[in-house]
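I am attaching a structure below and will ask some questions about it afterwards.
The values are calculated or read from the model by the stated rules, or taken from the named source; none is laboratory data. Since the structure is predicted, the reported quantities are computational estimates derived from the model, not experimental observations. Here the Cβ positions follow ideal geometry from the backbone for every residue, glycine too, while neighbour counts run over all protein chains shown. Keep in mind that these areas ignore ligands, DNA and RNA; they rest on the heavy atoms of the full protein, side chains included. Shrake-Rupley method; radii C 1.70, N 1.55, O 1.52, S 1.80 Å.
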Amino acid sequence: MPGASSSTISRLRRVHWFVPAAAVVVAMHARFLFMPLTADEGGFMAVARWWRHGGHLYQDVFVDRPQGMILLFRILDTVGLDSVWGIRLLGVVMCLVGTAAGGVITARLVGHEFAWLGALLVGVFSSSPKYQGYASNGELL
């Protein structure tokens, strides 16, 4: 690449393992982007809306999930991504974060040549419909 610094090229070479895993994650999630919400997703969004409109979390409304997870749904509601598509997009993004983390951990434990495998395994298993990996549920988030 003309004009690209050697450190930029070096960084790109180190993270190229992520591209195939990311493509698999997005492909596995694509068919679920517009399916109806699960009870968990709808419930979390209802709690987040209640909280945003003045309700007190864990006093007025109770949910057995940490505030950070409900905060993600509240942010979606605030920015207008409170639709099925927005909630499922949150699941895709969080799955990609987990996939990247799996690749980085694999690279640190057994070497960069296996980072792609770690990322791919985490991506496939965390996206699996059998485990409701398509949903923005508590286990994924």
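Please give, to one decimal in nm, the separation of the simple spin-label points placed at Gln67 and Leu121, each 7 Å out from Cα toward the Cβ.
Inter-label distance under the simple model: 3.7 nm.
For the chain, calculate the relative contact order in percent as a whole number, restricting contacts to Cα pairs under 8 Å that are 6 or more residues apart.
RCO, the chain: 33 percent.
Considering the chain as a Gaussian network with a 10 Å cut-off on Cα pairs, which listed residue, Asp60, Asp40, Asp77, attains the greatest mean-square fluctuation?
Asp60
Here's something else I'd like to know. In whole Hz and in residue order, list the ³J(HN,Hα) couplings for segment 81-87 that follow from phi through the Karplus curve 6.51 cos²θ - 1.76 cosθ + 1.60, θ = phi - 60°; x for Gly and Pro.
Using θ = phi - 60°, the values come out as 9, 8, 8, 4, 4, x, 5 Hz.
Something else now. Just to be sure I understand: with springs between alpha-carbon atoms less than 10 Å apart, which residue in Val110, Val92, Val47 has the highest mean-square fluctuation in the Gaussian network model of the chain?
Top of the fluctuation ranking is Val110.
Using just the helices of the chain, give the 222 nm mean residue ellipticity in deg cm²/dmol: DSSP H runs with n ≥ 4 each add -39,500 (n - 2.57), and the total is spread over all residues, rounded to 500.
That calculation yields -20500 deg cm²/dmol at 222 nm.
With an 8 Å cut-off on Cα pairs and a minimum separation of 6 or more residues, tell me the relative contact order of segment 27-75 in percent.
Once normalised by length, the contact order is 41 percent.
Which of Gly111, Met69, Trp50 sits farthest toward the positive end of the charge dipole of segment 9-141, with +1 on the Cβ of Lys and Arg and -1 on the Cβ of Asp and Glu?
In segment 9-141, that residue is Gly111.
Sticking with this structure for a sec: Using the Cα centre of the chain as the reference point, and only Cβ charges (+1 on K/R, -1 on D/E), how large is the resulting charge dipole? Debye, rounded to the nearest 20.
The dipole of the chain has a size of about 440 debye.
If R₀ is 22 angstrom, what is the calculated FRET efficiency for the pair Met35 and Tyr58, using the beta carbon separation as r and rounding to 0.05?
The pair Met35/Tyr58 has a calculated efficiency of 0.15.
Rolling a 1.4 angstrom probe over the protein heavy atoms, how many square angstrom per residue are accessible across the chain?
In whole numbers, the chain has 59 Å² accessible per residue.
So, one more: For the chain, what % of the accessible area comes from carbon and sulfur atoms, probe 1.4 Å?
Carbon plus sulfur share of accessible area: 67 percent.
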